[in-house]
Amino acid sequence: MAEKEVMLHIESLRKEYPGVIAVNDVSFDIYKGEVHIVIGENGAGKSTLVKMLAGLNTIDSGTLKLEGREYKPENVLDAQAKGVNIIHQELSMMENRTVAQNIFIGREPVKGFWIDKKAMNEKCRELLDSLEIEIDPSTMVRDLSIAQQQMVEVAKALSFQSKVLIMDEPTSSLTSKEIDNLFRLTRKLRDEGTSIIYISHRMQELMEIGDRVTVMRDGAYIGTREIKEINMQELIMMMVGRKIENAYPRNYNEPGKEMVRTDKLTGLRFRNVDIHINAGEIVGVAGLVGAGRTELAKAIFGYDPIESGAVFLDGKKANERHYSTTRAVDAGISLLPEDRKKEGLFLDMSISENIVQAVARKLFKNGIADKKVENQLSEKYIKDLAVATTSGEKLVKELSGGNQQKVVLGKWLATESKFLIFDEPTRGIDVGAKYEIYSIMDRLAKEGAAIMMISSDLPELLGISDRVYVMKDGELAGEITREEAEFTQEAILEVALRGKERS
Ligand SMILES: Nc1ncnc2c1ncn2[C@@H]1O[C@H](COP(=O)(O)OP(=O)(O)OP(=O)(O)O)[C@@H](O)[C@H]1O
Ligand SMILES: [Mg+2]
């Protein structure tokens, strides 16, 4: 094989934050026209590294060379001008602008002195069509779901002429159809010579799209391998430094009494949904983006309005007048929301303060927090979930993406609810921590909790659910149980795409 051409040369890159060396003397090459995966546990330094490449983080020391020439990005715009683009791990669009405005900001087509809105929307339409994204260019970003926002970010990044395109967990809330589209375009760009740096915690996905993989651990460079020449077990070994035998620790429980039931429940984007979940069960909810899964969860939790139908908790009708999340929490429900930043986390508060949030009312009756109690409780979840931090006092915004997720999870686990709804609980979480989360869910079920898990990660849904409900276009399209021979990804996808038919 001919020598590969180096697109980006990374030499002794280093970045330090107070108390932690996030990226420690990292060197490796990105070839021209390859998909280069970067993996590592939460907090390993992946985002910090790529942010330096994209001009989002300053570089403490080290050098970069782009196509053999010194490359020193001053800021994001400078990096873009030099051909390096990034799709953020954190969504970063302007909510009160349209999709088209967000995509073409700073490079809007003009007519005379004015922005040519029509041309902009048309260009945007073409771009979205090429990705098979069914979103109107004039939609406000605030009206999009998380997954749709993610697709728009992807579209935006693809619309630049990139030498290097960085994707930091671009698929974390996408489902298989959108991922297929993204991969199709990724391969196309690669074949045209773009270098793609790709970060994700979805191992199967990485094996599918990657050409080479670089592993980081604790800020350090561990090694680079050809994807073809490495298997998943070895890769996990390199990442976590230990073996993980069984990915899904799930024990079967004899289901107990009915904990939750919905009767013809109709709300914002779903109708006539009848589901039930018993104590001791973990029930998955599958469906494509827009199927109404998150909306169903939010209605059950009293967050979104219910149009008609009923929610029964423990046999009692819950959605009487003024049903609200406060009532839901009091009735023993908790919801780990999909949009952690908006609905689950206080970024400017410490880890401990966040973890006690949902139980504070119960724990501190006079409204004054007892620091000792707070610390004890948060220490437990920091340990259980292996949050990578020097202390519980650290501000949440200083944590890596995955570790922020763990904090929200800890917050809801601390409520010890009888009925827990998890919306994409392991999104952005590394393999080791995923295992911990599944173990905790399994333990909760064993202790008698009912769990509803919405996930776009089908292997995970099948790995830990007793039953899986499948939604399509706001309706319950089917149910598949573990005992059935058809408890497979194919069966779920078929129902999710085709809808009701089998029954
Ligand atoms: N703004 C910041 N201030 C202080 N520390 C930070 C900041 N950003 C990141 N860190 C720390 O740097 C380390 C690396 O974080 P980084 O976000 O690069 O991890 P990551 O590999 O992307 O993890 P994840 O898979 O969870 O996204 C972590 O210990 C994190 O707490
Ligand atoms: Mg990250």
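Does GLU134 meet the test of being assigned by TED's automatic domain parsing to the domain that holds THR175 and in a loop (DSSP other than H, G, I, E, B)? Here the answer is yes, as GLU134 does meet what is asked.
Remark: pairs (first residue in the stretch 421-445, under 10 Å from ILE282 (Cα atoms); second residue assigned to a loop (DSSP other than H, G, I, E, B) and open to solvent by less than 10 Å² (accessible area, probe 1.4 Å); Cβ separation under 8 Å; 6+ apart in sequence or on different chains) = MET441/PRO425; ALA445/GLY280. Looking only at the stretch 412-435, residues that are assigned to a helix (DSSP H, G or I) and of a type in the set (A, V, I, L, M) come to 3 in all.
For the stretch 308-325, indicate whether the set of residues that are open to solvent by 50 Å² or more (accessible area, probe 1.4 Å), without any contact (Cβ under 8 Å) to a residue 60 or more places away in the chain and within 27 Å of the chain's Cα centre (by Cα) is non-empty. Before the answer, list the steps.
Just the residues of the stretch 308-325 that are open to solvent by 50 Å² or more (accessible area, probe 1.4 Å), to begin with: 308, 314-317, 320-322.
Those left that are additionally without any contact (Cβ under 8 Å) to a residue 60 or more places away in the chain: 308, 315-317, 320-322.
Filter once more, keeping what is within 27 Å of the chain's Cα centre (by Cα): none.
No, the stretch 308-325 has no match at all.
If you go through the stretch 213-260 one residue at a time, how many are in contact with a strand residue (DSSP E or B) (Cβ under 7 Å, 6 or more places away or on another chain) and among the aromatic types (Phe, Trp, Tyr)? Counting residues in the stretch 213-260 that are in contact with a strand residue (DSSP E or B) (Cβ under 7 Å, 6 or more places away or on another chain) and among the aromatic types (Phe, Trp, Tyr) gives 1. Every condition in (1) over 30 Å from MET237 (Cβ atoms); (2) in contact (Cβ under 8 Å) with a residue 60 or more places away in the chain; (3) open to solvent by 30 Å² or more (accessible area, probe 1.4 Å) is met by MET452 except one, and the failing one is (3).
Looking at the stretch 392-411, which of the residues that are polar (S, T, N, Q) and within 7 Å of ligand 1 (Cβ to nearest atom) is farthest from ARG427 (Cα to Cα)?
If we take residues in the stretch 392-411 being polar (S, T, N, Q) and within 7 Å of ligand 1 (Cβ to nearest atom), then SER400 is farthest from ARG427 (Cα to Cα).
Checked against (1) of a type outside the set (D, E, K, R); (2) more than 16 Å from ligand 1 (Cβ to nearest atom); (3) surrounded by 20 or more Cβ atoms within 10 Å (Cβ to Cβ), GLY499 passes all but a single condition, namely (3).
Restricted to the stretch 169-202, and to residues that are within 16 Å of ligand 2 (Cβ to nearest atom) and in contact with a Leu (Cβ under 7 Å, 6 or more places away or on another chain), which residue is modelled with the lowest pLDDT?
Keep residues of the stretch 169-202 that are within 16 Å of ligand 2 (Cβ to nearest atom), which gives 169-173, 197-202.
After this cut, where a residue has to be in contact with a Leu (Cβ under 7 Å, 6 or more places away or on another chain) as well, the list is 170-171, 200.
Working: PRO170: 79, THR171: 75, SER200: 89.
Checked the stretch 169-202; the qualifying residue modelled with the lowest pLDDT is THR171.
Farther than 26 Å from LYS406 by Cα and touching a residue at least 60 places away in the same chain (Cβ under 8 Å): is that true of GLU34 in this structure? Here the answer is yes, as GLU34 does meet what is asked.
Would you please name the residue that is surrounded by the fewest Cβ atoms within 10 Å (Cβ to Cβ), looking only at residues in the stretch 71-114 that are among the β-branched types (Val, Ile, Thr) and closer than 15 Å to LYS156 by Cα? Ranking the qualifying residues of the stretch 71-114, first place goes to ILE105.
Which ones in the stretch 57-70 are surrounded by 14 or more Cβ atoms within 10 Å (Cβ to Cβ), closer than 20 Å to LYS46 by Cα and either outside the structural domain of SER12 (by TED's automatic domain parsing) or not β-branched (Val, Ile, Thr) (or both)?
Listed by number, the residues that qualify are ASN57, ASP60, GLY62, LEU64, LYS65, LEU66.
Within the stretch 21-33, being within 16 Å of ligand 2 (Cβ to nearest atom) and touching a Ser or Thr at 6+ places or on another chain (Cβ under 7 Å) holds for ALA22, VAL23. Of the listed requirements (1) away from ligand 2 (no atom under 13 Å from the Cβ); (2) touching a residue at least 12 places away in the same chain (Cβ under 8 Å), PRO18 misses just one: (2).
The values are calculated or read from the model by the stated rules, or taken from the named source; none is laboratory data. Keep in mind it's a predicted model, so treat the numbers as computed, not measured. We place every Cβ from the backbone using ideal geometry, glycine too, and count neighbours over all the protein chains shown. We work out accessible area using only protein heavy atoms, side chains counted, and drop any ligands, DNA or RNA first. Shrake-Rupley method; radii C 1.70, N 1.55, O 1.52, S 1.80 Å.
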